[in-house]
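Each remark here refers to the structure printed beneath this line.
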Amino acid sequence: MGQPLFILKKIRLKMASNKLIIFNFVSFQLLWWLCMYAAKTGLGGAMLCMVALLTLLHVQWIEGWQQALPLLITALTGCIFDQIGYVSGWVTFAYQSTGAAYIPYWMIALWLAFATTLNVSMRWLQHRQLLAAMLGAIFGPLAYLGAQQLGVVGLPLWPQSLIWIAFAWAVALPLLLWIRSRFNQAELINHI
């Protein structure tokens, strides 16, 4: 009699896990669109505050506080990749003051939101580095092309800008996933 209850509990946990993965994926898509809107309306600072609050809630309710540091490390690493592209002139940001030294707040918010997906909806990619590189090289540029179509990102050195983004994402996505997986392994070892 105990065995069927155990199996039923396991199925419920799996269903809850699948719902969380879907929720995490959909939430990030929504935040991507909100960041695009924030870029156009000058609400980048407000967007960063909102995403920071949502990230705190994510850490509290979903991943746990032991994942706060790796989440911040991955968000910062993503920002560094975009900062390199921005300083090098591969990427520009509309509605940003002329001569701004750093990527805009809404882009930082976007990286913070993206970091919340690395251990939830994108966790399945953590040990598939080649696939992560290929997906990064495809979907990274698509996201920037979408942002360009919305008028918030510029790719001034065509097609070199797109090649830079594809290369950066082919390196960044596996790196970010690797960072999260390393912290997951360290956490597992500490619990043993």
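Derivation of every value follows stated rules applied to the coordinates shown; laboratory data play no part. Note that the coordinates shown come from a computational prediction; the quantities given were computed from them, not determined experimentally. So basically every Cβ, Gly included, is an ideal-geometry build from the backbone, and we count neighbours across all protein chains shown.
Along the stretch 111-125 the Karplus relation, 6.51 cos²θ - 1.76 cosθ + 1.60 evaluated at θ = phi - 60°, assigns HN-Hα couplings of 5, 5, 5, 4, 4, 6, 8, 5, 10, 10, 6, 10, 4, 4, 8 Hz to successive residues, with x for each Gly and Pro.
Ordering Y86, Y95, Y144 by the number of other Cβ atoms within 10 Å of each residue's own Cβ, fewest first, gives Y95, Y86, Y144. Each principal axis of the Cα atoms in the chain has its own extent, and those three values, largest first, are 68, 34, 29 angstrom.
Neighbour counting of Cβ atoms within 10 Å sorts the residues V171, V51, V152, V87, fewest neighbours leading, into V87, V171, V152, V51. Summing Lys and Arg as +1 and Asp and Glu as -1 over all other residues whose Cβ lies under 15 Å from the Cβ of L175 gives a net charge of +2. Taking the C-alpha atoms only, the angle from helix 160-191 to the longest principal axis of the chain is near 30 degrees. Amide H contacts under 5 Å for F93: G154, restricted to partners 5 or more places along the chain or on a different chain, H placed in the peptide plane at 1.01 Å from N.
Give the residue from A101, G42, A115 lying farthest towards the positive end of the charge dipole for the chain; charges sit on Cβ (+1 for Lys and Arg, -1 for Asp and Glu) and the dipole is referred to the Cα centre. Selected residue: A115. Between helix 44-58 and the chain there is an angle of about 10 degrees, using the helix long axis and the longest principal axis of the Cα atoms.
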